[in-house]
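The values are calculated or read from the model by the stated rules, or taken from the named source; none is laboratory data. Note that the structure is a prediction, hence the values are computed from the model and not measured. Using ideal geometry, Cβ is built from the backbone for each residue, glycine included, and neighbour counts are taken over all protein chains shown. Each accessible area value is taken on the protein alone, full model and side chains, heavy atoms only, with ligands, DNA and RNA left out. Shrake-Rupley method; radii C 1.70, N 1.55, O 1.52, S 1.80 Å.
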Amino acid sequence: MAVAMLLAACLYVLSAPGWEVLASGHEHINAGASGEWEDLLGKWKSLAETSAVMLLIGVYMFRTALLPTAGGWGVWPAIERMERITAVVMLYVIILAGSNNSLTVVKAVIAIMWLLAAWGAIPYAKSSTIVKGLCALVMVPLLHIEDVGSILSIPGMIAVLAASIHTVSGAIWAGGGISIYTALALKPELPASQFKLLLERFRIGAATACCGILLSSLLILLLGSSTGEEWKSGSESIWLMCKLLLILVIVWIAKGGYGRWRQAGDDELRLRYRYKQRLRVSLGLTVPVLLISALTSPPIPGGATLKETIYWHVMGEEAHMSLRIREQNAGRQQVRLDIWLPAGMGKPIAAEVTLHHGEEAAEVPLIYKEGGPDPYGYEGFDKYTYEANGRYMTKSGSWTMQVIAIDRGQKKHTYEKVEDIPTENVHQSNELN
C-alpha cells in the first residue's frame, strides 16, 4: 500500500500539466543570480542524481555478484532497507532536478520500475533482478546525455561511454563498499569462511573499479585534447591532480587493510575490526572525490560557443518579445523566451524558436514554464515564459534567430534577427546537433 501511494504521488507530479515548473523551480527563484551560480546549482543536482544511481548499482552488484559466491543467499534487512530508501531518493531527485522534459520522463519511468523491484512489488526474485539490471543498463548512459543531439557524433558517443564507465566503476567501489561495510557491521558477525570469500570477491571488484576510474578519466582527457579543448584555468588542473591523489590514497588504505587481514592468522577476528575502520576511512575519502568530479568540468567535445549572453528584446503595439541565450557547460545553452500578450488573452497557441546557420537549422524544443499577470512587467500585458536546454549553437559565424508566436486570435507574431558569433577561442564543430 505504501509503495502504491508513493507511485501514485509520483505519477501525479509527472502527469500534471505544469510539473516542469516544479522540476525547475530553482531557475525562477534564482532568476537574478549569475550564470556561475546556476551552473553550480546544476552540478549539485547532477551529483545527487549520480550518487543515488551509483549506490543502487553498487547494492545490486553486491547482492547479485558477491553474496551468492560467498554463500550469502539470505535476506539482509539493513541492505534491503538502504536499497529501498535510495530508490525513493533517486526518483524524487530525478523529478525535481530534471530540466529536459523528454529525457526526465524516461529516467523517471526507469526509476519507478527500479523502485517497484526494490520494494518487492515485482513477483519472482529472478524477474526483479532482471528488471534492476536492465534499469541500470539504461539509466547509466542517460545520466550523461544532456540532449539527444549530444550523442549524434562519434566524439559525443565516446564521451558518454567514458563517463558511463566512470560511473559504473565508482558504483562498484562506493556502492559495493558501503554494502560490504554494512554487512561487516551486522550482529552476529559473519562466519570467518563467508567473510573471507566475500572480501576476496570484493577485492577483485574494487581493483577492477579503480582501473576503470583511472582509464575512463584518461580517455576523457585525451578526447578533450584531441578536439582542442583545454582546462579553463590552472585551478581545475590542480583539482584533477587532487582527485587522482585521493584515489591513490583510497587504494593504498584499502589494500593495506586487506593485506593486514590476510596475514592475521589466528588474530583474524581481532583485525577484522581494523579492516572495517580502514574501509570506513577509504569510503569517507570517496566523498571529496565525488565532489571534485561534480564541481569541476573536464574537457569534453563541444566546448563553449557563446562567449557572451545573447539578449534580444522587441517592443510592439500588440505583443512584446524577449529572447535570451546563455552558455552553460559542455557547449550547451539555456534558451529563455518571454512573450507579452494583451491581458486576459491567454498564453500563445504556439511558440517557436529556430536558429539558422547557413543551410542548417536547429529547432529549439521549448517547454512552457509559467505565465499570467506580471506586476513588474508592462501594463496591460501578461507575460508567458518558455525555456529549453541543449546544444543549439555549435559553430561560430552568422546565425539567424527566428521567433514565431501565435496568439489566441490566430495572429502570428514573427521576429527575426542576425547574430554574429565571434571565432576567437571558439571550438569549431562539424555538426549541428
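Sequence-distant or interchain residues sharing an amide H contact under 5 Å with residue 349, placed H: which?
Residues meeting the amide H criterion: 406, 407, 408.
Report in % the part of the accessible area of the stretch 317-408 that belongs to carbon and sulfur, leaving out ligands and nucleic acids; probe 1.4 Å.
Answer for the stretch 317-408 is 46 percent, counting heavy atoms of protein chains only.
Sorted by packing (mean other beta-carbon atoms within 10 Å per residue), highest first, where do 387-399, 361-373, 162-174, 334-346 land?
162-174, 387-399, 334-346, 361-373
Filter the cross-link list 45/243; 45/383; 369/411; 126/243; 45/132 down to pairs whose alpha-carbon distance in this structure exceeds 30 Å.
126/243, as the Cα separations exceed 30 Å there.
Would you kindly derive the ³J(HN,Hα) couplings of the stretch 321-328 from the backbone phi angles with the Karplus curve 6.51 cos²θ - 1.76 cosθ + 1.60 (θ = phi - 60°), listing them in order in whole Hz, with x for Gly and Pro?
Once rounded to whole Hz, the list reads 9, 9, 10, 10, 10, 10, 5, 10.
Suppose the chain between residue 207 and residue 379 were pulled fully straight at 0.36 nm per residue; how much longer would it get relative to their current alpha carbon spacing?
Between residue 207 and residue 379, full extension yields an extra 55.4 nm.
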